[in-house]
1. Taking the criterion of being within 15 Å of Thr125 (Cβ to Cβ), β-branched (Val, Ile, Thr) and either buried (at least 24 other Cβ atoms within 10 Å of the Cβ) or assigned by TED's automatic domain parsing to the domain that holds Gly128 (or both), would at least one residue in segment 70-88 satisfy it?
2. Could you list, in sequence order, all residues of segment 202-238 that are buried (at least 20 other Cβ atoms within 10 Å of the Cβ) and of a type in the set (Gly, Ala, Ser)?
3. Among helices (runs of 4 or more DSSP H) lying entirely in segment 324-402, which contain 2 or more residues that are among the hydroxyl-bearing types (Ser, Thr, Tyr)?
4. Which residues, taken from segment 186-197, are of a type in the set (Val, Ile, Thr), surrounded by fewer than 19 Cβ atoms within 10 Å (Cβ to Cβ) and in contact (Cβ under 8 Å) with a residue 60 or more places away in the chain?
5. Could you say whether any residue in segment 316-326 is closer than 30 Å to Asn453 by Cα, of a type in the set (D, E, K, R) and assigned by TED's automatic domain parsing to the domain that holds Gly157?
6. Give just the number: which of (1) touching a residue at least 40 places away in the same chain (Cβ under 8 Å); (2) under 25 Å from Val412 (Cα atoms); (3) surrounded by fewer than 20 Cβ atoms within 10 Å (Cβ to Cβ) does Phe117 not satisfy?
7. Scanning segment 356-388 for residues that are over 28 Å from Gly314 (Cβ atoms) and small (Gly, Ala, Ser), which turns out surrounded by the most Cβ atoms within 10 Å (Cβ to Cβ)?
8. May I ask you to verify whether Gly300 is modelled with pLDDT under 85, assigned to a helix (DSSP H, G or I) and closer than 24 Å to Val468 by Cβ?
Amino acid sequence: MEIAEYEQTGVPLMTTESAHDRAHRQRWWILAVLAISQLMVILDGTIVNIALPTAQHALNFSNADRQWIVTAYSLAFGSLLLLGGRISDYIGRKNALMIGLAGFAAASAFGAAAQNFTMLVTARTIQGVFGALLAPAVLALLTTTFTDPGERGRAFGIYGAVAGAGGAIGLILGGVLTTYASWRWTLLVNLIFAGVAIAGSMSLLKRDRGTDRDPLDVQGVLSVTIGLFALVYGFSHVETTSWHDHFTIGSFVVAAVMLGYFFFVQRRTQFPLLPLRVLADRNRGGSLFAMLVAGLGMFGMFLFLTYYLQGTLGFSAVKTGLAFLPMIISLTISAQLSNIVFLPKFGPRPLIPVGMAMAAVGLFWLTTLTIHSTYLGGVLLPLIVIGLGVGFIFAPAYNTATLGVEPHDAGVASALVNTSQQIGGSIGTALLNTLAASAATSFLVGKSATALNNKIAAVHSYTTAFNVSAYIFIGGAIAAALILRSGAPTMGEASDVPGSAH
């Protein structure tokens with residue numbers, strides 16, 4: 001819509017464009033900015049992993065300390081997501097996005113300059129804090145920018161592909177930067193992502209007012225933050241100790257008590273951090289469950305397939321990253337097909353369970369790997385099948401989980417999606433690591449510890465993890481089919497949600 005301004009003479013002075021029309025015209029550029037921001041957050045879960053051995057050697061810290069470089073990020077990120085979502089509702093999504101990007105970039109620069117373990121782990125923690133503000137703002141902006149059903153499907157297909165493939169892209173980028181530049185560049189590269197996203201946000205997004213002016217639910221914030229922190233910490237602690245460790249058990253007890261208290265408070269407080277109406281919709285609940293299951297299975301697949309490619313097939317860091325490219329391509333294709341073609345016609349109920357079943361098939365296929373398997377003969381086709389399946393999970397789940405949400409709940413609803421994926425990843429990594437280690441130990445019982453037997457035991461541990469992941473996806477497929485509603489989704493209140501740049 002154009003509004004012409006006139007002088008008293010009746011001669012037009014200038015033609016201006018309404019904020020709504022400007023946002024609509026630039027919506028695909030806005031999507032690009034949001035995709036870059038989301039990619040930065042997602043790939044930071046894996047990009048540093050490949051650089052860790054080099055960083056450990058340079059900064060001279062122990063193997064036990066090395067685990068905390070990964071854990072510090074996931075602890076801060078996972079435990080603060082709900083608070084970050086509510087803050088973005090309160091201060092405005094553009095403000096939250098800009099602060100999150102700037103803080104993430106500053107933390108990355110600090111980490112790249114690290115001279116010791118303490119500096120590096122502090123930087124990773126701060127990255128997680130700002131990531132928890134950034135991620136919900138990104139998804140909330142996407143939700144409120146694309147309200148047309150057709151365009152929303154395309155936009156969420158792209159977003160879902162970025163979210164699903166981000167881990168693999170992190171492996172590729174981490175391998176290239178570590179090999180040809182320095183481990184410090186796995187952190188410095190975030191300054192490029194953040195710089196581009198900040199510049200795009202400043203020029204494309206109009207500063208929006210916060211949609212939530214309710215008083216902060218302090219009891220809810222404290223209980224859910226402590227509860228999620230204890231939950232993620234407990235699963236992280238399992239990886240370096242055991243399920244019977246006192247700290248592990250204590251963490252899970254604290255998590256259960258605090259999260260139980262959190263939901264008790266949410267039912268009774270006037271201004272809840274998480275309005276339970278957000279969880280009331282079956283499709284939204286089913287989509288959040290799907291993200292939890294996808295996080296469980298996907299993180300394990302990345303981890304153990306990376307071990308197999310490097311440890312058994314002898315791939316370099318760069319070659320390992322590139323080996324995941326076919327999965328990224330197949331995931332991108334299926335994410336677009338599922339959201340643009342199938343979701344508007346059939347709804348999420350057939351898509352997400354079918355996607356989980358396909359991922360399970362690919363993982364069962366990977367259980368046939370041996371020390372003599374090759375990438376082309378044993379890895380490539382299963383990886384493509386997994387990518388196709390995951391595309392049918394991520395894109396429809398992101399779309400459906402935020403469909404029809406009220407404007408003032410968009411941030412917290414978006415945070416729930418990210419929290420589900422993050423908690424799933426933490427549980428999956430700890431569970432599969434423990435089971436894989438037990439499988440390797442059991443395999444070696446009664447056998448001599450030769451190099452060959454150790455190699456076979458390692459592959460046996462990987463295939464055990466793939467097998468468990470496959471059954472997780474099968475269980476997820478059955479549960480999702482029961483939870484999700486039949487029929488094509490409707491926009492509901494979503495059609496009345498104002499654009500992000502209004």
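The values are calculated or read from the model by the stated rules, or taken from the named source; none is laboratory data. As the structure is a prediction and not an experimental result, all values here were calculated from the model. Note that we place each Cβ from the backbone using ideal geometry, even for glycine, and neighbour counts take in every protein chain shown.
1. There is at least one residue in segment 70-88 that is within 15 Å of Thr125 (Cβ to Cβ), β-branched (Val, Ile, Thr) and either buried (at least 24 other Cβ atoms within 10 Å of the Cβ) or assigned by TED's automatic domain parsing to the domain that holds Gly128 (or both).
2. Within segment 202-238, Gly220, Ser223, Gly227, Ala230, Gly234, Ser236 qualify.
3. Values: elements: 325-337, 343-346, 348-366, 380-401.
In segment 324-402, the matching helices (runs of 4 or more DSSP H) lie at 325-337, 380-401.
4. Taking segment 186-197 and keeping what is of a type in the set (Val, Ile, Thr), we get 186, 189, 192, 196.
Going one step further and asking which of them are surrounded by fewer than 19 Cβ atoms within 10 Å (Cβ to Cβ), we end up with 192, 196.
Across segment 186-197, the qualifying residue is only Val196.
5. Checked segment 316-326: at least one residue is closer than 30 Å to Asn453 by Cα, of a type in the set (D, E, K, R) and assigned by TED's automatic domain parsing to the domain that holds Gly157.
6. (2)
7. Residue satisfying both the conditions and the ranking: Ala360.
8. On the way: modelled with pLDDT under 85: yes; assigned to a helix (DSSP H, G or I): yes; closer than 24 Å to Val468 by Cβ: yes.
Yes; evaluated as a whole, the condition is true for this residue.
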